[in-house]
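> Sending over a structure as structure tokens; questions will come in a sec.
The values are calculated or read from the model by the stated rules, or taken from the named source; none is laboratory data. Only a predicted model underlies this, so the values are computations on that prediction, with no experimental measurement involved. Every residue, glycine as well, gets a Cβ built from its backbone with ideal geometry; the counts of neighbours run over all protein chains shown. Just the protein is used for accessible areas: all its heavy atoms, side chains included, with ligands, DNA and RNA removed. Shrake-Rupley method; radii C 1.70, N 1.55, O 1.52, S 1.80 Å.
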Amino acid sequence: MFDAYGTLFDVHSVVELCDELWPGKGLLLSQLWRAKQLEYSWLRSLMRRYQDFAKVTEAALGYACAALELPLDDRRRRTLMAAYRELATFPEVRDALAALKSAKIRLAILSNGSPAMLRPLVDRSGLGRSIGTVLSVDPRKIYKPAPAVYRLAVERLKVPKSAIGFVSSNCWDACGAKSFGFRTFWINRSGAPVDALGAAPDHVIRSLAELPRLIRVPVS
């Protein structure tokens, strides 16, 4: 089971577009947009004031532009929100998923993204050919790392939590999944330290390309 944003799909693939709209500000805007997007998801979970991820993402964009004093009109807002439905996959994703699928491993996504965001993203990328199940937090009306989100995967897939391997590039997400009871794989692309949350990931890798060799498929 994979997280989507930042794990399979590169949230910072919008940098070039941001730079076209506000020259020289693309990277800074993308970084602040992503940071605020996550912060809003956590705060809304704690406040029990859920909004779907599209609205959270749009609100985070508005904040980031205001903080950086970048004019955000309706055209720019629509353009950037549309770009979130067309994020690029990381270069190694397709080969890694193909290797896992060939090993007869059932693949799924568990994401903060709303269904309306995830469907076009998965369809456009072609990953739906490898990943058969796409789960959104939306039915639970709370965001990861709330245990209720990970429990959703157990209920929908109808397998024990000990049978699920969870992959995320977000350490806090991998820690949350580990705390719930999944076997976890943290893709640490930047070499960051492990978050001190009391439930460290089982495996730390630098790329999704390392994942297939860590998976052991039982021989029948």
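> Hull surface divided by four, with the convex hull built on the Cα atoms of the range 77-194: how many nm²?
Mean projected area of the Cα convex hull: 8.1 nm².
> For the chain, with only Lys/Arg (+1) and Asp/Glu (-1) charged at the beta-carbon, what is the dipole magnitude about the Cα centre, in debye rounded to 20?
For the chain, the charge dipole is close to 900 debye.
> Further, regarding this structure: From the cross-link list Lys144/Lys178; Lys55/Lys141; Lys55/Lys158; Lys101/Lys178, which pairs have alpha carbons spaced over 19 Å apart?
Too far apart for the 19 Å limit: Lys55/Lys158; Lys101/Lys178.
> Right, another one. Under a plain spin-label model, where a point goes 7 Å from the Cα along Cα-to-Cβ, how far apart in nm are Ser162 and Lys55?
Spacing of the two 7 Å Cα→Cβ label points: 4.1 nm.
> Heavy-atom accessible area per residue, the chain, 1.4 Å probe: how many Å²?
Per-residue value: 49 Å².
> From zero up to wherever the largest Cα-Cα distance of the chain sits, split into 5 Å bins and tell me the percent of pairs in each.
Pairs per bin, as whole percents: 1, 7, 15, 19, 20, 18, 11, 6, 3, 1, 0, 0, 0.
> Here is a further query. Compute the helix-to-body angle for 93-102: its Cα long axis versus the longest principal axis of the chain, expressed 0 to 90° and rounded to tens.
Approximately 20 degrees, to the nearest 10.
> Give me the angle, in degrees from 0 to 90, between the Cα long axis of helix 147-157 and the longest principal axis of the Cα atoms of the chain, rounded to the nearest 10.
Around 60 degrees separate the two axes.
> Sticking with this one: Give the peptides 132-138, 154-160, 183-189 in descending order of average Cβ contacts within 10 Å, highest first.
183-189, 132-138, 154-160
> Follow-up question, since we're still on this one. So if I restrict to the alpha-carbon atoms in the range 1-48, what is the Rg, and what is Dmax, the biggest pairwise distance, in Å?
My reading of the Cα-based Rg and Dmax gives 12.9, 38 Å.
> Follow-up question, since we're still on this one. Can you tell me how much longer the chain between Arg119 and Thr79 gets when fully stretched, taken as 0.36 nm per residue apart minus their C-alpha distance, in nm with one decimal?
The span from Arg119 to Thr79 would gain 12.6 nm if fully extended.
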